[in-house]
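Everything below concerns the one structure shown next.
The values are calculated or read from the model by the stated rules, or taken from the named source; none is laboratory data. Nothing here was measured: the structure is a model prediction, and the numbers come from that model. Cβ sites come from the backbone with ideal geometry, for glycine too, and all protein chains shown count toward neighbours. The accessibility values were calculated without ligands, DNA or RNA, using every heavy atom of the protein model including side chains. Shrake-Rupley method; radii C 1.70, N 1.55, O 1.52, S 1.80 Å.
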Amino acid sequence: MRVLVIGASGFIGSAVTRALAARGDVQVRAGMRNPGRASFDSSVEIRQLDSNDKTMLAAAISDVTHVVDCVMGSAATMTGTSANLAAAARSSGLRRVVTLSSCAVYGSAQGYVDEATPLCEPSDDYAAAKVECERILLDAGGHGLSSVILRPSCVYGPGSQQWTVRIAKMLIARRLGDLGQAGEGTANLVAVDDLVSAILAGLELPGEGTDIFNISNASPGTWNAYLMAFARMLGAIPVRRIPSWQLRLDGKLAAPPLKVAQILRDRLKLTGVQIADPITPSMLRLFAHQVQFGSHKADRLSSFHRTPLQEGLASAALWFKEHFV
Amino acid sequence: MIDTAKTLPSGTILDADICIVGAGAAGIALALQFADTDKTVLLIESGDVAENPEIQALYEGSVVDPALHSPADRYRQRVFGGTTTIWGGRCIPFDPIDFDLRAWIDNSGWPIEYAEVAGYYPAANALCEAGDCDYDARSALGAPMRPMIEGFHSSHFNADSLERFSCPTNFAARYGHRLSASRNIRVLLNANCTEIVANNRGDHVDHIILRTLSGGHFEARARKFILAMGGLEIPRILLASNRVHPRGIGNGHDLVGRYYMCHIAGTIGDVRFSVPKEQVWHGYENAWDGVYCRRRLALTPETQRALQVGNVVMRLHHPRLVDPGHQTGILSAIYLAKPLISYEYAKRLYGPDPVGLGDYLRHVLNVVSQPIRTARFLADWAWRRTLAVRKFPSIIIASTANRYSLDVHAEQIPNPESRVSLAETRDPLGLPRIAIDWRYTAADIDTVATALRLLKQDFAAWGGGTLEYDEDEVEAAMLREGAYGGHHIGTARMGRTAEEGVVDRDCRVFGIDNLYIAGSAVFPTSSQANPTLTIVAMALRLADHLRHRFAPSTIAAGVTAQEHE
Ligand SMILES: Cc1cc2nc3c(=O)[nH]c(=O)nc-3n(C[C@H](O)[C@H](O)[C@H](O)COP(=O)(O)OP(=O)(O)OC[C@H]3O[C@@H](n4cnc5c(N)ncnc54)[C@H](O)[C@@H]3O)c2cc1C
């Protein structure tokens, strides 16, 4: 098996690349825009790759059998990658594409949601782009491209900025904690190692055509339970009960200036400047949202495993403390 | 779904699998257990979302001795959420000995094992938001907890026994959204149950009658009815429903309304420590999840057995607030804030004795002479209590003089002469009002006197402190504010047989196949513990029982055979 990982310098892409390299029986090509950032085993071939560049992508996949698409970026980058991939695949010997979509495609659906649930109106640009990427691959499936589309829920664990670093900092600053009623939404989470195991299984899933899988924990608890257990492991105790007025102030008043400051910092490339993450309105919506992403179908992915939450949080907390405290 | 009866056409007949009357701690805890199941639940609530004096007035009644018991419409709230809208949040499980048949206490003993209720305490703790179900100071915090009195050990008292605090959680505010999101639950506000109507044979509830203050009149039909209206209202509705049962429903043996218990409580004594004051700690510590925990001195079950007394706990307490002699600015500030404090909380804080102008001015002097300490306390109070959701539970002031009083909370023994009955007058909906004749016994006082005597001896033997109090004043001190408010226990007690109790071990009214009671009315004994945690645990237990009765196997076996067993 010769595998190209697109977006190999990212959080999930790098984890997949490492896992593939560790197998020993796979030739791994790590495609990334900025090869300087790579630190992989010497067996991994590093390839400078802009997946929005059609010719470059076609060249990169011309001699591989499998592709893992972990591109994260603007809507145009993600849909552009899918389109280029679908086009290039037609004239190559590609056997399988595994692509990372997201449970965000379900929009604001409530209750129990699995792969059979029809998609409703996407709630933001990111979700709309993911829906479009899926559509492109489904179309390509009609022309012989075999792909496995994975829809992970919130990916946490070592390396996760969103669901480990950001949350840990907020817990330590007592901006998050026991949210009471505001935290009763369902915490659909997946440990990064588990997602990687699903991606690897997706590469080798027998069969043709396009298949879609939700990748999430089997019996999710509430966000409160997740926040409190994580706070405890981080030593951010006693956990504070966050009054709703504080959440509202943080989400409505502090969030916009923080967001602007972050954008400015990134534009001006002031990498050393620390700016707290905002508690966004969408985060607050998520914490209260009652939806369970059913992932029974993922049990068909042979090597997919589910790390118990306590175990996953423990390793996330350990990693966070090593790198940030 | 949350609805109001105000807009319901008069004459409507409502129908559900389960009809619960009263949306307080018990009713809401019970209804939540059926959220998103295939059982339809009707949760009937007299109150509205906000308090309304006209609805609250339906609780008015008479009290035989107003010095001994607060007015019938105080210490309970007729509003969505019930009395949890004003409760203090102190959570304590009952003790195993409370369930035992104790030969020295008449009418003691529960017909169920302690373990049958204890199994529900963890889930009840979670609903009350009181954290982990660990009430032992040696393990609860996950870290060593400060001792109450360093170096003091007594074989008569357990100082590792904790109380934990709910936020305090207002059950309607906290869980209303779950009730409203659940498709199979319908909460009906502004609906007053005024009668339980049995069939002609008197062995089955056919329907209940509901009325609104604006003249609306409805019926609710259900397979199971659960009364969860609080310990004073449950006997009232049972006694008033006398259409088929002339003495009232469940009252064939004249037990309804009898054995009425609150708690015996008060502050007493002068404790002076000679050990350094850093070695004495009567405040709170937070468990990992933020829950406030505090130690108490609990009379051990062995001592209770050996000395044949009831259950009792004591806490170290600040000196009496009303006496400016404590010279503490903070305490005086709290005294001066009296007009801002609600009746329910003012009663125990200040007591009934008036304060003269001279003492009033001395309080003012105390405040102005310690401005910084007082201001710091008030700022802290604003942050940790007023602005917080998980509220700092009570006023804790470390004594500069190393002097404290004792705050006592003791079991009352079950006494048939202490009772709630129907008065001659009626409320605007036509329901007879209640008459409260609360009594205490010499045995109740003896429990407290014994505990005080033991503590005094134990302090003397230890040598690090002394307890002074007047033995002849114990009774007066425990009755200064009358019966402990808000705990309404025993008025529809659980028994092995209909001769012994109003409800059976499943909380079902004897002789009626589909009427159940949730709440402290069913407790045969009162314990040292505040009742709500156990009310919630018992409601969860009742939910399991009902689920079991509804289980498919039951239906397959024939509903009628089962229901009329
Ligand atoms: C000031 C105060 C402090 C307290 N502190 C503590 C404490 O620290 N710890 C503790 O354990 N307990 C405490 N309590 C007691 C606690 O509030 C009660 O034990 C608890 O609320 C009882 O729950 P319940 O559901 O049985 O009754 P309630 O909460 O009183 O609910 C009964 C409900 O039934 C409704 N209702 C009544 N009659 C009718 C009718 N005819 N038709 C329809 N609906 C009706 C009422 O409107 C009400 O909503 C305190 C009480 C007070 C007053």
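At-a-glance table
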{"item": "Residue in segment B:27-36 that is away from the ligand (no atom under 12 Å from the Cβ), small (Gly, Ala, Ser) and in a loop (DSSP other than H, G, I, E, B) present", "result": "yes"}
{"item": "Set A:210, A:164: member being out of contact with any Lys or Arg (no Cβ under 6 Å at 6 or more places or on another chain) and more than 26 Å from residue A:323 (Cβ to Cβ)", "result": "A:210"}
{"item": "Residues that are surrounded by fewer than 17 Cβ atoms within 10 Å (Cβ to Cβ) and of a type in the set (Lys, Arg), drawn from segment B:410-452", "result": "B:426"}
{"item": "Wholly enclosed helices (runs of 4 or more DSSP H) of segment A:145-259 bearing at least 2 residues among the small types (Gly, Ala, Ser), in contact with a His (Cβ under 9 Å, 6 or more places away or on another chain) and within 14 Å of chain B (Cβ to nearest Cβ)", "result": "none"}
{"item": "Failed criterion for residue B:389 (all others in (1) more than 14 Å from every other protein chain (Cβ to nearest Cβ); (2) among the β-branched types (Val, Ile, Thr); (3) assigned to a loop (DSSP other than H, G, I, E, B) hold)", "result": "(1)"}
{"item": "Qualifying residue in segment B:505-517 (condition: more than 13 Å from the ligand (Cβ to nearest atom) and free of Cβ contacts under 8 Å to residues at least 60 places away in the same chain)", "result": "yes"}
{"item": "Search result, residues across segment B:505-518 that are open to solvent by 10 Å² or more (accessible area, probe 1.4 Å) and out of contact with any Lys or Arg (no Cβ under 8 Å at 6 or more places or on another chain)", "result": "B:506, B:508, B:510, B:511, B:513"}
{"item": "Matching option when the condition is away from chain A (no Cβ under 14 Å) and away from the ligand (no atom under 16 Å from the Cβ), among B:62, B:70", "result": "B:62"}
{"item": "Test result for residue B:541, open to solvent by 30 Å² or more (accessible area, probe 1.4 Å), on the phi < 0 side of the Ramachandran plot and either more than 14 Å from chain A (Cβ to nearest Cβ) or within 12 Å of the ligand (Cβ to nearest atom) (or both)", "result": "no"}
{"item": "Condition met for residue B:73 (within 20 Å of the chain's Cα centre (by Cα), among the charged types (D, E, K, R), over 22 Å from residue B:3 (Cα atoms) and outside any loop (DSSP other than H, G, I, E, B))", "result": "no"}
{"item": "Total residues in segment B:162-183, condition open to solvent by less than 20 Å² (accessible area, probe 1.4 Å) and either at pLDDT 95 or above or touching a helix residue (DSSP H, G or I) at 6+ places or on another chain (Cβ under 7 Å) (or both)", "result": "12"}
{"item": "Members of segment B:348-371 that are open to solvent by 50 Å² or more (accessible area, probe 1.4 Å), within 34 Å of the chain's Cα centre (by Cα) and over 10 Å from residue B:324 (Cα atoms)", "result": "B:348, B:352, B:353, B:354"}
{"item": "Residue that is within 15 Å of the ligand (Cβ to nearest atom), touching an Asp or Glu at 6+ places or on another chain (Cβ under 8 Å) and of a type outside the set (Gly, Ala, Ser), where the choices are B:167, B:128", "result": "B:167"}
{"item": "Tally of residues being away from every other protein chain (no Cβ under 14 Å) and either within 12 Å of the ligand (Cβ to nearest atom) or not polar (S, T, N, Q) (or both) across segment B:170-214", "result": "27"}
{"item": "Some residue of segment B:82-96 being under 30 Å from residue B:58 (Cα atoms), away from the ligand (no atom under 16 Å from the Cβ) and touching a Ser or Thr at 6+ places or on another chain (Cβ under 7 Å)", "result": "no"}
{"item": "Qualifying strands (runs of 3 or more DSSP E) (wholly inside segment B:205-286; at least 2 residues being over 30 Å from residue B:480 (Cα atoms) and of a type outside the set (D, E, K, R))", "result": "B:205-211, B:217-227"}
{"item": "Residue that is most open to solvent (accessible area, probe 1.4 Å) [pool: residues in segment B:372-386 that are away from chain A (no Cβ under 14 Å) and closer than 21 Å to residue A:245 by Cβ]", "result": "B:378"}
